[in-house]
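The values are calculated or read from the model by the stated rules, or taken from the named source; none is laboratory data. Keep in mind the model is a prediction, meaning the values are calculated, not measured. Keep in mind that these areas ignore ligands, DNA and RNA; they rest on the heavy atoms of the full protein, side chains included. Shrake-Rupley method; radii C 1.70, N 1.55, O 1.52, S 1.80 Å.
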Amino acid sequence: MSRIEQLIGEIEEYIDSCKYQALSNNTKIIVNKEELEELLVELRLRVPDEIKQYQKIISNQDAILSEARYQADNMIQEATAQTNELVNEHEIMQRAYSTANQIVEEAQVQAQAIIDAAVGDANSIRQGAIQYTDDILRNLQHIISGTMEDAKGRLGAFLSAMQANYDVVSSNRNELAPAPGVNDPERGAMPEG
């Protein structure tokens with residue numbers, strides 16, 4: 001399990017461990033902003049490290065291709081050496097050419113198969129790394145989106161509660177008002193914003 005996956009798990013555990021907000025029907029929680037921000041900062045810092053690891057894996061495809069070419073060159077050299085040995089004998093010259101050509105063709109076929117397999121493996125590793133990175137970023141996107149929605153809901157509830165308190169205070173002041181005609185500039189004035 002990567003550190004990014006561990007961090008996502010820790011964020012989920014942290015959210016599960018938070019207390020529910022009073023009068024919220026267990027749908028809203030109280031979050032310690034600093035703890036959540038610390039986890040998100042560490043997650044942001046870890047994402048580039050994970051991506052570098054996958055880039056390193058992808059860069060290893062060059063080493064795989066190099067090894068395949070090296071093996072192919074060795075096989076061709078061995079085939080060429082065998083050809084030279086067979087050609088030295090005049091009576092078996094035709095057989096030597098035939099055998100040498102066959103060995104060279106087999107070596108080329110094997111070399112191409114090794115190169116094809118190496119390219120296929122490298123492409124598979126690259127696709128896996130891209131998919132894994134996309135999965136991590138999608139999970140992070142969901143966490144951030146959920147956190148934003150939760151924050152919007154808490155802000156809306158806070159504003160509604162403040163408006164209700166303001167209305168009660170205004171109503172109480174109006175009940176306490178002296179006689180009609182007394183003009184109090186603050187009485188009943190709604191705050192702007």
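Quick notes on this structure:
- In sequence order, calculated HN-Hα J values of segment 98-105 (Karplus, 6.51, -1.76, 1.60; Hz; x Gly/Pro): 4, 5, 4, 4, 5, 5, 4, 4
- Accessible area (Å², 1.4 Å probe, nearest 10) - Asp135: 50
- 3J(HN,Hα) from dihedral phi, segment 67-84, Karplus parametrisation 6.51/-1.76/1.60, rounded to Hz, x for glycine, proline: 5, 5, 5, 4, 5, 5, 4, 4, 5, 5, 4, 4, 5, 5, 4, 5, 4, 4
- Here the chain exposes an accessible surface that is 53 percent carbon and sulfur, computed with a 1.4 Å probe and the other protein chains kept in place.
- Calculated P(r) tail over 11 Å for segment 33-80, as whole % of Cα pairs: 73
- The mean sequence separation of alpha-carbon pairs under 8 Å and at least six residues apart, normalised by the residue count of the chain, gives a relative contact order of 20 percent.
- The figure for Met148 is an accessible area of roughly 110 square angstrom, using a 1.4 Å probe on the protein chains alone.
- Counting only heavy atoms of the protein chains and using a 1.4 Å probe, Val104 has close to 40 Å² of accessible surface.
- Considering helices alone, the calculated mean residue ellipticity of the chain at 222 nm is -30000 deg cm²/dmol, with DSSP H runs of length four and up weighted by -39500 (n - 2.57) and normalised per residue.
- Anchor Lys33: lysines whose Cα lies under 25 Å away (excluding residues fewer than 8 positions away in-chain): Lys19, Lys152
- Binning all Cα-Cα separations of segment 1-142 at 10 Å, short to long from zero, yields these whole-percent fractions: 10, 23, 17, 14, 11, 10, 7, 5, 3, 1, 0.
- The Rg/Rh ratio for segment 69-142 is 1.45, where Rg is the radius of gyration of the alpha carbons and Rh is the Kirkwood radius.
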